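The values are calculated or read from the model by the stated rules, or taken from the named source; none is laboratory data. Every value quoted in this text rests on a predicted model; they were computed, and no experiment measured them. Cβ placement follows ideal geometry from the backbone for every residue including glycine, while neighbour counts extend to all protein chains displayed.
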Amino acid sequence: METIKDLICHEISGSLYNKLRSSTTLLTIDGIIATSIAIQDPILASVCGSLTIASIIGLFVEEKIRNQNIMEIKKTYQEFIKNYNEMNRTFNLRNPAELQSLFHWALNKGYLSEGRKYQASSKETREILSLMGANILMGQGVCRHRIPLFRDILNDYGIEIFALAGNLEDYETFINLKYFIEKFAVEAVKEMINNEGKDEKSLQEEYNFIKEKLAKVEKERLNSIILSKKNQPNNSIRNRIGNHVISLSLYGGESYYLGPNQYEIYGMDAESKLLYSDSNTLQINLECSNLHNTKENLQRLKEILASPYPCVSREEGLKTMATTEKICEQNTDIFEQFYRENKGLYEEVSMRLRKL
C-alpha cells in the first residue's frame, strides 16, 4: 500500500525519492506531533508544518546542487578527453596497443591527475557509474576507474571499445606446476645421459614425452579453473560482480584484450573462451559487464564474443607497447606541457567530485 509520502515522491529522481522515504520526520514523528499540536494550537501546528516543508525544500536544494556538480564534471571531463586525444594525434598513434601504452605511461607518471600524484587506490573514489573515469583526474583509481577512462578516450578517438569484467585467476599454481615439470625434465635428461643403458632413441622418446607433458600444462590449468568455477554457487558475490575489468577494442579486424596495467595484454583460448596473459587468467562475466556498458554496447559485446575476431599477436602487441613507451620517455616535454595546460581541469573535476 502506498503512503502519502510515496505518492508525493513519485515524480522526482530516484536518489532524492529514497532520501525522502527514509526521512521519518516527514511522515511518522512529525506527523504525530503535528496532529497533536493541531488539536491544541492551530497556529503552532502551522509553524511545525513549515518546518517539515523546509526540510523537503532542503533535500531538493541538496539534490539540485549535486546534479549541477555532476553535469559540470561531465562537461570538464569531456574537455579533458578532447585535449588528451589531441596529444595522441601528436604522436600519430593508431592501434589500441600503442594507445594503451601511452595512456599507462602518462597515468603512472602523474600527468593525468591533480598535483601529478596518482595512487592505485579506491579509498576516496566516487562510485558513480557515469563518472568512474573522472576519479583518475582526482588522483585515485583501480581497474574499474582506469578502464572507463581508457574506454572514453578510445571512443572519442573513433575506435570501438568495450569494458569487459570478469573473475581473475593468478598463475601461481600453474607456474609451480610448470617449474616442477621443467625441473623433472632437466633431471631426467641428466640421468639418461649418465646411464650407459639408455640409447639415443630412448633418450629422445623420453624427452618428447616430457615436452608433450609441458604442452598440456596450459590446457590442464584452463580446465582446472573451469572446474573450480563449477564448484562455486552461481549466485556467489564473487561470480556476480567479478574482481577485474579490462577492455576489448577492435582495430584492423583484430581483437585487443588490454588490461588496466602496463603491458597487460591477453590472448583467448578458443575452446574455453578464457583470456590469459603472462601472469593471470580472466574468466569473462557478461553479467558484471552490465555495469560498465550501455544496453546497446552490451548487446554488441555479446555478438562479438559469440563470433570473436582473431586476437592480435601478444608478441606483436608487447613489442608495440615497448616501442611506444620509449617514444614517451623521449618526449617528456610534450607531457609536461599537456599537464600544465590541463592542470585547471584536474583541479575543477577534483573539487566537484569531493563534494559528491
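Among the residues of segment 288-303, is there at least one that is at negative phi, part of a loop (DSSP other than H, G, I, E, B), surrounded by 16 or more Cβ atoms within 10 Å (Cβ to Cβ) and modelled with pLDDT of 85 or more?
no
I'd like the residue in segment 97-114 that is of a type outside the set (Ser, Thr, Tyr) and outside any helix (DSSP H, G or I) and, out of all such residues, is nearest to residue 252 (Cα to Cα).
In this case the residue turns out to be 112.
Here residue 252 meets the list (1) out of contact with any strand residue (DSSP E or B) (no Cβ under 6 Å at 6 or more places or on another chain); (2) of a type in the set (Gly, Ala, Ser); (3) under 30 Å from residue 325 (Cβ atoms); (4) modelled with pLDDT under 90 almost entirely, failing just condition (4).
Look through segment 136-168, keep the residues that are over 18 Å from residue 296 (Cα atoms) and in contact with a Lys or Arg (Cβ under 9 Å, 6 or more places away or on another chain), and return whichever of them is surrounded by the fewest Cβ atoms within 10 Å (Cβ to Cβ). Across segment 136-168, the extreme among qualifying residues is 157.
With respect to the conditions (1) part of a helix (DSSP H, G or I); (2) surrounded by fewer than 17 Cβ atoms within 10 Å (Cβ to Cβ), residue 309 lacks only one, and its number is (1). When residue 94 is tested against (1) modelled with pLDDT under 95; (2) part of a helix (DSSP H, G or I), only condition (2) is not met. Applying a threshold of 9 Å to beta carbon distances and a minimum spacing of six or more residues, or different chains, the list of pairs starting in segment 305-322 at a residue that is closer than 19 Å to residue 261 by Cβ and ending at one that is among the acidic types (Asp, Glu) and in a helix (DSSP H, G or I) reads 320/98; 321/98. The set of residues from segment 269-287 being in contact with a Pro (Cβ under 9 Å, 6 or more places away or on another chain) and either small (Gly, Ala, Ser) or part of a helix (DSSP H, G or I) (or both) comprises just one member, 270. Note on segment 115-135: residues that are surrounded by 24 or more Cβ atoms within 10 Å (Cβ to Cβ) and assigned to a loop (DSSP other than H, G, I, E, B) total 1.
Taking first residues from segment 100-128 that are on the phi > 0 side of the Ramachandran plot and partners that are among the hydroxyl-bearing types (Ser, Thr, Tyr) and outside any helix (DSSP H, G or I), the Cβ contacts under 9 Å between residues at least 6 apart in sequence or on separate chains come to 110/118.
Applying the selection to segment 278-304, what residues are among the hydroxyl-bearing types (Ser, Thr, Tyr) and free of Cβ contacts under 8 Å to residues at least 24 places away in the same chain? Talk me through it step by step, then tell me what you get.
First, the residues of segment 278-304 that are among the hydroxyl-bearing types (Ser, Thr, Tyr): 279, 281, 289, 294.
Once the filter is applied, which keeps residues that are among the hydroxyl-bearing types (Ser, Thr, Tyr) and free of Cβ contacts under 8 Å to residues at least 24 places away in the same chain, segment 278-304 yields only 294.
Scanning segment 344-356 for residues that are of a type outside the set (Ser, Thr, Tyr) and within 24 Å of the chain's Cα centre (by Cα) yields 345, 347, 348, 349, 351, 352, 353, 354, 355, 356.
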